[in-house]
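Below you'll find the structure, written out as structure tokens, and then a few comments.
Read-outs: derived from the displayed coordinates by stated rules, not from any lab. Quantities reported herein were computed from a predicted structural model and do not represent experimental measurements. Neighbour counts are summed over all protein chains in view; Cβ atoms, including those assigned to glycine, are modelled from backbone coordinates with ideal geometry.
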Amino acid sequence: MLGGVLVLLWMLDSSLASEQSFNELKQTLSHPIALLIVWGVLAALAYHTVAGIRHLIMDMGIGETLEGGRTGAKIVIALSAIAILAIGGFLLW
């Protein structure tokens, strides 16, 4: 995941460096494989964020039982799926 974040940071730097590098990056991201890679990295970050929030909630003492853990895991999967689909829709838009 670190490699993916580094690629996203490089893309941000390239997009801000000059108009020419922005246009080159825009052309690169028009390819489906590049979009798939960006979507995969953003999907991993979305899941990681939602799971991290779950752990913060558990640190407050909510959902520490076995049943609470199972329910929390189901909620994380559902919210992550929604976020991942939203990211995919945004990338294709």
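Between Gln27 and Ser14, what is the label-point separation in nm under the 7 Å Cα-to-beta-carbon projection?
1.2
So if each residue of separation counts as 0.36 nm, and I subtract the Cα-Cα distance between Leu6 and Ala73, what length gain in nm does that give? Display every interim value, and only then the final one.
Details: separation 67, 0.36 × 67 = 24.12 nm, distance 2.83 nm.
Full-extension gain reported as 21.3 nm.
Enumerate the calculated ³J(HN,Hα) couplings along the range 4-18 in order (Karplus 6.51 cos²θ - 1.76 cosθ + 1.60, θ = phi - 60°), each rounded to whole Hz, writing x wherever the residue is Gly or Pro.
Running phi through 6.51 cos²θ - 1.76 cosθ + 1.60 with θ = phi - 60° gives x, 5, 5, 5, 4, 5, 5, 5, 4, 4, 5, 5, 9, 5, 7 Hz.
Distance between Cα centroids, the range 20-51 to the range 76-93: provide it in whole Å.
Here the answer is 13 Å between Cα centres.
Apply the Karplus parameterisation 6.51 cos²θ - 1.76 cosθ + 1.60, with θ equal to phi minus 60°, to every residue of the range 82-93 and state each ³J(HN,Hα) to the nearest whole Hz, in sequence, with x for glycine and proline.
Result, ordered by residue: 5, 5, 5, 5, 5, 5, x, x, 5, 5, 7, 6 Hz.
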